[in-house]
Amino acid sequence: MRSQKYRPNYTVEDYRQWKGDWELIDGVPSAMTPSPSPIHQLFAKSLVVQIDNAIVANKGKCNNCEVVYELDWVVDNYTVLRPDIAIICDFDINNAITVKPSLVVEIISPSTALKDRHTKFEIYQEQQVPYYIIVDPKLETFSIFAIENGKYEEQDGLQEFQLNNCSIQVDIIKAFERVR
């Protein structure tokens, strides 16, 4: 395709020089605007607190696992994503995420729904992120996907997630109470 031949192709080094909020997907920049809505932020805060409490309760078993909010994940030299929420095990807290997350949550909005449901879904699946949760806080709906035989399969009612050497319980429905 001729348009791809002339399309700019940026790297992580280019990305690090940019001002503002961006993601880089296969060398193509994607602006992170507008900022998340109050419903998005309140839901995310509620879910992050719940996940953090579950990790802390299992600290002896959850080897170096942390929940992070909007932290860059350097997937490769041409892709940097910023998941809304991620659980990372065994990573250096002084840098961007450079290891595969154990779980990723994307909170959709009208401006991100297509990218979250398709582009990011495909990338997380290709990278074999064990769990991917897509949440719509306005409609109070969510879908949980787990890797099975190399592909995401939607899970019914799954709310317990296996991390490195532990499992945590996450009640997504409870997080909706914060935005009602």
- Note on the structure: Exposure-ranked with fewest Cβ neighbours within 10 Å first, Val56, Val75 stand as Val56, Val75
- Note on the structure: Taking Lys and Arg as +1 and Asp and Glu as -1, residues besides Ser102 with C-beta under 11 Å from its C-beta add up to -1
- Query: Using the per-residue mean of other Cβ atoms lying within 10 Å as a proxy for protection, in what order, highest first, do the peptides 36-44, 131-139, 148-156 fall?
  - Reply: 131-139, 36-44, 148-156
- Query: Taking a spot 7 Å from the Cα of Asn9 along the direction of its beta carbon, which residues of segment 63-92 have an amide N less than 18 Å from it?
  - Reply: 75-80
- Task: Compute the long axis of helix 38-57 from its Cα atoms, compare it with the longest principal axis of the Cα atoms of the chain, and write down the angle in degrees, 0 to 90, nearest 10.
- Result: 60 degrees
- Message: Taking a virtual spin label 7 Å from the Cα of Ile173 along the C-beta vector, which residues in segment 111-147 bring their backbone nitrogen under 11 Å of it?
- Response: none
- Query: Per the Kirkwood treatment, what hydrodynamic radius in Å, one decimal, follows for the chain from the mean inverse distance over all distinct Cα pairs?
  - Reply: 17.0 Å
- Item | By average C-beta atoms within 10 angstrom, highest first, the peptides 78-86, 96-104, 165-173 | 78-86, 96-104, 165-173
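Computed from the coordinates by the stated procedures, all read-outs in this text should not be read as laboratory data. Worth saying up front: this structure is predicted, and the values here are computed from it rather than measured. Quick reminder, even Gly has a Cβ in these numbers, built from the backbone with ideal geometry, and neighbours come from all protein chains shown.
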